[in-house]
Amino acid sequence: MNTTLTPSKKLLNKIYQILPQTQCQSCGYKDCLAYAQAISESKENINRCAPGGEQVIQDLAQITTYPAVPLDVNIRPSDLESTALIDEQFCIGCTLCIDACPIDSIVGAAKRVHSILNSLCSGCGLCLPPCPTNCIEIVPLNLSLATNKPSSLELINLNQTKRSALWREKYENKQLRKEKESAELKQKKTTADADLTLIKNKATRITTAMEIARTRLAQISNS
Ligand code: SF4
Ligand code: SF4
Ligand code: SF4
């Protein structure tokens, strides 16, 4: 049984700074801050951050004085040397991956082919589940990738402290933007209407994407 920590803003901040800031949710929390909060309140163990791996567990152990145990067996291991790629042939421009990316590393307009910003993408994989055509894959972030994706070199050349700062900034910006958009929508409508509008927007994008996919399939079948 771990000892109970004395929660404080300072402790929370120290724990938060150690986490890699991919905001990947593989720890089971909505973001790095939520996991840091749970640890600082003695509600969670220190071995749930898959991308942080052994190094993060050791750093957290030092601060909390908890034992440095291996990664929780229920969590799929991952690493910080990964990135995403979109197979453009199968992208139908539904924009659902953009919603899912916590750090704004996907660009593209509705009904257009989307691209990953490999100078930023952490390879967290959150964009994979919503993709209706399964056209996103996670690949190693290494020099051989840089041959085809030169922008990935920018991230390869950053140390982890700088990467974490970049991801944290992008995540915080996206959160602020979402809060602002939601507040603006709620000003115009009641909360229930605003929620309904968001759901309708998403449903429309999915329907459009499915129509594009069906048209493409018909074109392929007839060729
Ligand atoms: S980077 Fe680690 S702490 Fe942050 S969300 Fe992912 S698993 Fe949780
Ligand atoms: S593009 Fe996908 S893998 Fe890369 S950071 Fe965004 S959600 Fe994660
Ligand atoms: S979710 Fe998949 S199909 Fe939709 S825009 Fe993103 S990559 Fe393209």
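Where a number appears in this text, it was derived from the coordinates with a stated rule and is not lab data. What you see is a predicted model, and the numbers here were worked out from it, not measured in a lab. Glycine gets a Cβ as well: all are built from the backbone with ideal geometry, and neighbour counts include every protein chain shown.
Give the cysteines in the chain for which no other Cys Cβ lies under 4.7 Å away, or write none if there are none.
Lone cysteines by the Cβ rule: Cys27, Cys32, Cys49, Cys91, Cys94, Cys101, Cys121, Cys131, Cys135.
With all distinct Cα pairs included, what does the Kirkwood hydrodynamic radius of the chain come out to in Å, to one decimal, could you say?
Here the Kirkwood hydrodynamic radius works out to 19.4 Å.
So which of Lys43/Lys186; Lys30/Lys162; Lys30/Lys200; Lys30/Lys202 end up more than 32 Å apart, counting from Cα to Cα?
Lys43/Lys186
Where a ≥ b ≥ c are the square roots of the eigenvalues of the C-alpha gyration tensor, would you call region 178-222 rounded, which needs a/c under 1.5, or, failing that, prolate if a/b is larger than b/c, or oblate?
It is prolate, given that a/c is not under 1.5 and a/b is the larger ratio.
Charges only on Cβ, +1 for Lys and Arg, -1 for Asp and Glu: so what's the dipole of the chain about the Cα centre, in debye to the nearest 20?
Roughly 640 debye for the chain.
Please work out whether region 9-64 counts as rounded, prolate or oblate from its C-alpha gyration tensor, where a ≥ b ≥ c are the square roots of the eigenvalues and a/c under 1.5 means rounded, while otherwise a/b larger than b/c means prolate and anything else oblate?
Rounded.
In region 9-64, with Lys and Arg counted as +1 and Asp and Glu as -1 at Cβ, which of these residues, Gln25, Gln58, Ala38, has the Cα nearest the positive end of the dipole, that is, farthest along it?
Ala38
Only four residue types carry charge here, +1 at the Cβ of Lys and Arg and -1 at the Cβ of Asp and Glu. Report the dipole size of region 178-222 about the Cα centre in Debye, rounded to the nearest 20.
Using Cβ point charges on Lys, Arg, Asp and Glu, region 178-222 gives about 80 debye.
From Cα pairs below 8 angstrom and at least 6 apart in sequence, can you work out the relative contact order of the chain, rounded to a whole percent?
17 percent
If amide H atoms are built 1.01 Å from N in the plane of the peptide, which residues on other chains or at least 5 residues away come under 5 Å of the amide H of Ile106?
Sorted by chain and number, the residues that satisfy this are Leu117.
Sort 30-36, 52-58, 161-167, 72-78 by the packing proxy (mean of other Cβ within 10 Å over each peptide's residues), most packed first.
30-36, 52-58, 161-167, 72-78
Under 10 Å, Cα contacts only: if you run a Gaussian network model on the chain, which one of Ala192, Ala61, Ala209 comes out with the highest mean-square fluctuation?
Ala192
How high is the FRET efficiency from Ala165 to Ala218, r the C-beta distance, R0 41 Å, rounded to 0.05?
0.30
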